[in-house]
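Remarks on the structure that follows.
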Ligand code: FES
């Protein structure tokens, strides 16, 4: 935006999207675990729960590299004084030479269990860099937290990332080998086709390309935002056929029941008909 936009340009914007939300109705307590800037969506939840004076217990477990990178620290200290149901446990990977008097190191199983009583019975929201999320998801499952209680939000390129139009996989920070391996798992003869029912177009459907990529190549418009399966903007009706999706975080049970797929994730080795 800084390089390209100038006063008077028209830009298209979309409202917030995604399924990584907590309104207080989903559970009677919540554990919010964030790493680095991954605290951002968790703060949105904390601010909202503060605004509605939600009575449940809120445990924020936060990890950052240094105290300088402890985002929202002042606001959290302020909120903690106002909300006796907000419990904050933070740890800095490198605190040496700073005024930090708290924990040092990564978020570990021990740190989690000390910060959150009865962890296994609480709903957990987890947001941070992909490597941290993978490690903590395993830690939580190892501690006995049911998978269904763990909600995650990836930021930055993650598994399931589909490169934007005109970019190759490597430019979208997904290793090319990983990109081709994803296709290789399902590769069959490239004889499948996809019919875009609304646009009345039929084109070839390579097994390593998502429905969204094929639509873009065919000039068929499907809205998108994240291209990693979490925002839900690319939800499209599947009218015929079967697809696999690397990530489907943005689909609810109702969506699946109604035949919706995430176009940015959906791939198939068979013929498809989609509404687009
Ligand atoms: S573009 Fe976000 S889920 Fe597909």
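From the list 10, 60, 86, the lone residue that is free of Cβ contacts under 8 Å to residues at least 40 places away in the same chain and closer than 28 Å to residue 148 by Cα is 60. For segment 173-190, the criterion of being at pLDDT 70 or above and either in contact with a strand residue (DSSP E or B) (Cβ under 9 Å, 6 or more places away or on another chain) or in a strand (DSSP E or B) (or both) is satisfied by no residue at all.
You will find that of 251, 205, 212, the residue that is in contact with a helix residue (DSSP H, G or I) (Cβ under 9 Å, 6 or more places away or on another chain), crowded, with 19+ Cβ neighbours inside 10 Å and at pLDDT 90 or above is 205 and no other. Taking the numbered list (1) modelled with pLDDT of 95 or more; (2) surrounded by 18 or more Cβ atoms within 10 Å (Cβ to Cβ); (3) more than 16 Å from the ligand (Cβ to nearest atom) in turn, residue 199 passes all entries but (2).
Every condition in (1) at negative phi; (2) surrounded by fewer than 20 Cβ atoms within 10 Å (Cβ to Cβ) holds for residue 42 except the one numbered (2). Residue pairs whose Cβ atoms lie under 8 Å apart, separated by 6 or more positions or on different chains, with the first residue in segment 206-227 and away from the ligand (no atom under 15 Å from the Cβ) and the second part of a helix (DSSP H, G or I) and modelled with pLDDT of 95 or more, are 206/214. One residue stands out among those in segment 244-258 that are within 13 Å of the ligand (Cβ to nearest atom) and part of a loop (DSSP other than H, G, I, E, B): the one that is farthest from residue 207 (Cα to Cα), which is 252.
Residue 15 passes every criterion in (1) farther than 22 Å from residue 150 by Cβ; (2) touching a strand residue (DSSP E or B) at 6+ places or on another chain (Cβ under 6 Å) apart from (2).
The set of residues in segment 228-243 being more than 14 Å from the ligand (Cβ to nearest atom) and part of a loop (DSSP other than H, G, I, E, B) consists of 241, 242. For residue 48, the conditions (1) over 19 Å from residue 122 (Cβ atoms); (2) surrounded by fewer than 18 Cβ atoms within 10 Å (Cβ to Cβ) all hold with the exception of (1).
Return yes when residue 24 is assigned by TED's automatic domain parsing to the domain that holds residue 133, in contact with a helix residue (DSSP H, G or I) (Cβ under 8 Å, 6 or more places away or on another chain) and either under 27 Å from residue 225 (Cβ atoms) or surrounded by 10 or more Cβ atoms within 10 Å (Cβ to Cβ) (or both) and no when it is not. Criteria not met by residue 24.
The values are calculated or read from the model by the stated rules, or taken from the named source; none is laboratory data. Remember, predicted model here, so these are calculated numbers, not experimental data. Every residue, glycine as well, gets a Cβ built from its backbone with ideal geometry; the counts of neighbours run over all protein chains shown.
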